[in-house]
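Asker: Pasting a structure below so you can have a look.
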Amino acid sequence: MPKGAANAMILTSKILFNKVLKTYTGITLWPFIVLKDTEREVGQGRYQVLINHERIHLRQQAEMLVVFFYVMYAFYYMRNRFRGQPHWSAYRNIPFERESYEKEGDLNYLKNRKFWQWREFA
Ligand SMILES: [Zn+2]
(Lines give C-alpha, C1' and ligand atoms only; values in the text may rest on other atoms or scores of the structure.)
Protein backbone atom coordinates (compact mmCIF):
# COMPACT_ATOMS: atom_id res chain seq x y z
CA MET A 1 0.00 0.00 0.00
CA PRO A 2 1.47 3.38 -0.96
CA LYS A 3 2.59 5.67 1.84
CA GLY A 4 -0.24 8.03 2.75
CA ALA A 5 -2.91 5.62 1.65
CA ALA A 6 -3.98 4.83 5.18
CA ASN A 7 -4.89 8.42 5.99
CA ALA A 8 -6.59 9.30 2.70
CA MET A 9 -10.28 9.93 3.22
CA ILE A 10 -12.21 9.20 0.06
CA LEU A 11 -15.65 10.67 -0.51
CA THR A 12 -18.03 10.55 -3.45
CA SER A 13 -20.27 13.43 -4.49
CA LYS A 14 -22.52 13.53 -7.55
CA ILE A 15 -23.85 17.03 -6.80
CA LEU A 16 -20.40 18.65 -6.62
CA PHE A 17 -19.34 17.34 -10.02
CA ASN A 18 -22.68 17.56 -11.82
CA LYS A 19 -23.42 21.11 -10.69
CA VAL A 20 -20.04 22.78 -10.03
CA LEU A 21 -16.95 20.93 -11.30
CA LYS A 22 -18.62 19.69 -14.45
CA THR A 23 -15.57 18.65 -16.47
CA TYR A 24 -13.67 17.05 -13.56
CA THR A 25 -13.75 13.57 -12.08
CA GLY A 26 -12.00 14.22 -8.78
CA ILE A 27 -10.62 16.89 -6.48
CA THR A 28 -8.24 16.73 -3.56
CA LEU A 29 -8.71 18.99 -0.57
CA TRP A 30 -6.26 17.71 2.01
CA PRO A 31 -6.95 15.38 3.75
CA PHE A 32 -9.93 14.50 1.56
CA ILE A 33 -10.19 13.01 -1.92
CA VAL A 34 -13.60 13.72 -3.45
CA LEU A 35 -14.53 11.71 -6.53
CA LYS A 36 -17.49 11.92 -8.87
CA ASP A 37 -17.87 8.17 -9.34
CA THR A 38 -17.62 5.10 -7.17
CA GLU A 39 -15.21 2.22 -7.80
CA ARG A 40 -18.13 0.16 -9.11
CA GLU A 41 -19.02 2.87 -11.65
CA VAL A 42 -15.56 3.42 -13.15
CA GLY A 43 -14.13 -0.07 -12.74
CA GLN A 44 -11.33 -1.15 -10.44
CA GLY A 45 -8.42 -0.45 -12.77
CA ARG A 46 -9.47 3.08 -13.69
CA TYR A 47 -10.43 3.76 -10.07
CA GLN A 48 -6.94 2.87 -8.79
CA VAL A 49 -5.36 5.26 -11.30
CA LEU A 50 -7.80 7.99 -10.32
CA ILE A 51 -7.06 7.51 -6.62
CA ASN A 52 -3.32 7.48 -7.35
CA HIS A 53 -3.62 10.79 -9.22
CA GLU A 54 -5.36 12.35 -6.22
CA ARG A 55 -2.94 10.76 -3.73
CA ILE A 56 -0.06 12.41 -5.56
CA HIS A 57 -1.89 15.71 -4.99
CA LEU A 58 -2.31 14.83 -1.30
CA ARG A 59 1.44 14.37 -1.02
CA GLN A 60 2.11 17.64 -2.88
CA GLN A 61 -0.30 19.44 -0.56
CA ALA A 62 1.11 17.94 2.64
CA GLU A 63 4.69 18.81 1.75
CA MET A 64 3.66 22.42 0.98
CA LEU A 65 1.64 22.79 4.18
CA VAL A 66 -1.53 22.76 2.04
CA VAL A 67 -1.92 26.56 1.78
CA PHE A 68 1.24 27.10 -0.28
CA PHE A 69 0.09 24.36 -2.66
CA TYR A 70 -3.03 26.36 -3.48
CA VAL A 71 -1.06 29.61 -3.78
CA MET A 72 1.38 28.01 -6.22
CA TYR A 73 -1.38 26.12 -8.04
CA ALA A 74 -3.20 29.41 -8.68
CA PHE A 75 0.05 31.15 -9.61
CA TYR A 76 0.94 28.56 -12.27
CA TYR A 77 -2.59 28.53 -13.65
CA MET A 78 -2.63 32.34 -13.99
CA ARG A 79 0.87 32.34 -15.48
CA ASN A 80 -0.23 29.84 -18.12
CA ARG A 81 -3.34 31.90 -18.89
CA PHE A 82 -1.27 35.08 -19.24
CA ARG A 83 0.92 33.18 -21.67
CA GLY A 84 -2.18 32.71 -23.81
CA GLN A 85 -3.09 29.12 -23.00
CA PRO A 86 -6.81 28.22 -22.98
CA HIS A 87 -8.31 27.01 -19.69
CA TRP A 88 -7.82 23.27 -20.16
CA SER A 89 -4.24 23.63 -21.34
CA ALA A 90 -3.40 26.09 -18.54
CA TYR A 91 -4.77 23.56 -16.05
CA ARG A 92 -2.94 20.57 -17.53
CA ASN A 93 0.36 22.48 -17.56
CA ILE A 94 0.30 23.31 -13.85
CA PRO A 95 3.38 21.41 -12.57
CA PHE A 96 1.30 19.62 -9.90
CA GLU A 97 -1.07 18.35 -12.60
CA ARG A 98 1.74 17.42 -14.94
CA GLU A 99 3.32 15.26 -12.23
CA SER A 100 -0.02 13.66 -11.29
CA TYR A 101 -1.09 12.95 -14.87
CA GLU A 102 2.32 11.64 -15.89
CA LYS A 103 2.70 9.37 -12.84
CA GLU A 104 -0.90 8.36 -12.08
CA GLY A 105 -0.46 5.04 -13.88
CA ASP A 106 2.53 4.08 -11.71
CA LEU A 107 0.86 2.78 -8.56
CA ASN A 108 4.22 2.52 -6.77
CA TYR A 109 5.25 6.08 -7.62
CA LEU A 110 4.66 7.53 -4.15
CA LYS A 111 6.89 4.88 -2.56
CA ASN A 112 9.96 6.35 -4.21
CA ARG A 113 8.93 9.92 -4.86
CA LYS A 114 11.33 12.58 -3.64
CA PHE A 115 10.35 15.60 -1.55
CA TRP A 116 9.04 18.42 -3.80
CA GLN A 117 9.50 16.25 -6.88
CA TRP A 118 6.75 18.28 -8.60
CA ARG A 119 9.48 20.86 -9.30
CA GLU A 120 10.88 18.56 -11.99
CA PHE A 121 7.62 19.18 -13.86
CA ALA A 122 7.78 22.98 -13.65
ZN1 LIG B 1 -5.12 16.63 -10.74
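Asker: If F82 passes every condition in (1) at pLDDT 95 or above; (2) within 16 Å of S100 (Cα to Cα); (3) more than 16 Å from the ligand (Cβ to nearest atom); (4) among the hydrophobic types (A, V, I, L, M, F, W, C) but one, which one does it miss?
Answerer: (2)
Asker: Among T12, T38, which is the only one that is surrounded by 15 or more Cβ atoms within 10 Å (Cβ to Cβ), more than 25 Å from N93 (Cβ to Cβ) and of a type outside the set (D, E)? Give the steps one after another, and end with the answer.
Answerer: Numbers: T38 fails: surrounded by 15 or more Cβ atoms within 10 Å (Cβ to Cβ).
On inspection, the qualifying residue turns out to be T12.
Asker: For residues that are surrounded by fewer than 18 Cβ atoms within 10 Å (Cβ to Cβ) and free of Cβ contacts under 8 Å to residues at least 40 places away in the same chain, tally how many sit in the stretch 94-105. First the steps, then the outcome.
Answerer: Of the stretch 94-105, the ones surrounded by fewer than 18 Cβ atoms within 10 Å (Cβ to Cβ) are 95, 98, 101-102, 105.
Checking which are free of Cβ contacts under 8 Å to residues at least 40 places away in the same chain leaves us with 95, 98, 102.
Here the count works out to 3.
Asker: Let me confirm something: among N108, N112, which residue is of a type outside the set (S, T, Y), more than 24 Å from K22 (Cα to Cα), touching a residue at least 40 places away in the same chain (Cβ under 8 Å) and surrounded by fewer than 11 Cβ atoms within 10 Å (Cβ to Cβ)? Give the derivation first.
Answerer: Numbers: N112 fails: touching a residue at least 40 places away in the same chain (Cβ under 8 Å).
Exactly one of N108, N112 is of a type outside the set (S, T, Y), more than 24 Å from K22 (Cα to Cα), touching a residue at least 40 places away in the same chain (Cβ under 8 Å) and surrounded by fewer than 11 Cβ atoms within 10 Å (Cβ to Cβ), namely N108.
Asker: Hey, does the stretch 1-18 have a residue that's touching a helix residue (DSSP H, G or I) at 6+ places or on another chain (Cβ under 7 Å) and at positive phi?
Answerer: yes
Asker: Further question on the same structure: Taking Y70 as meeting all but one of (1) within 25 Å of R46 (Cβ to Cβ); (2) under 14 Å from the mean Cα position of the chain (by Cα), write down the number of the exception.
Answerer: So Y70 meets the others, but not (1).
Asker: Only residues that are in a helix (DSSP H, G or I), loosely packed, with under 14 Cβ neighbours inside 10 Å and of a type in the set (K, R): list them for the stretch 78-93, please.
Answerer: Keep residues of the stretch 78-93 that are in a helix (DSSP H, G or I), which gives 78-82, 87-92.
Filter again for loosely packed, with under 14 Cβ neighbours inside 10 Å, leaving 78-79, 82, 87-89, 92.
R79, R92, listed by residue number.
Asker: A further question follows. Looking for whichever is outside any helix (DSSP H, G or I) and buried (at least 16 other Cβ atoms within 10 Å of the Cβ) here; the options are I51, I56, I27. Which one fits?
Answerer: Within the list I51, I56, I27, the selection yields I27.
Asker: Among the listed residues L65, L50, which satisfies the condition of being in contact with a Leu (Cβ under 8 Å, 6 or more places away or on another chain) and either away from the ligand (no atom under 14 Å from the Cβ) or more than 17 Å from F115 (Cα to Cα) (or both)?
Answerer: On the way: L65 fails: in contact with a Leu (Cβ under 8 Å, 6 or more places away or on another chain).
Only one candidate qualifies: L50.
Asker: Inspect the stretch 22-29 for any residue being without any contact (Cβ under 8 Å) to a residue 60 or more places away in the chain, within 14 Å of the ligand (Cβ to nearest atom) and among the small types (G, A, S) and give the result as yes or no.
Answerer: There is at least one residue in the stretch 22-29 that is without any contact (Cβ under 8 Å) to a residue 60 or more places away in the chain, within 14 Å of the ligand (Cβ to nearest atom) and among the small types (G, A, S).
Asker: Can you go through F75, F96 and tell me which one is part of a helix (DSSP H, G or I), among the hydrophobic types (A, V, I, L, M, F, W, C) and under 14 Å from the mean Cα position of the chain (by Cα)? First the steps, then the outcome.
Answerer: Values: F75 fails: under 14 Å from the mean Cα position of the chain (by Cα).
Of the residues listed, the single one that is part of a helix (DSSP H, G or I), among the hydrophobic types (A, V, I, L, M, F, W, C) and under 14 Å from the mean Cα position of the chain (by Cα) is F96.
The values are calculated or read from the model by the stated rules, or taken from the named source; none is laboratory data. This one's a predicted model, so the numbers in the text were calculated from it and none came from an experiment. All Cβ positions, even for glycine, are placed from backbone atoms using ideal geometry, and neighbour counts span all protein chains on display.
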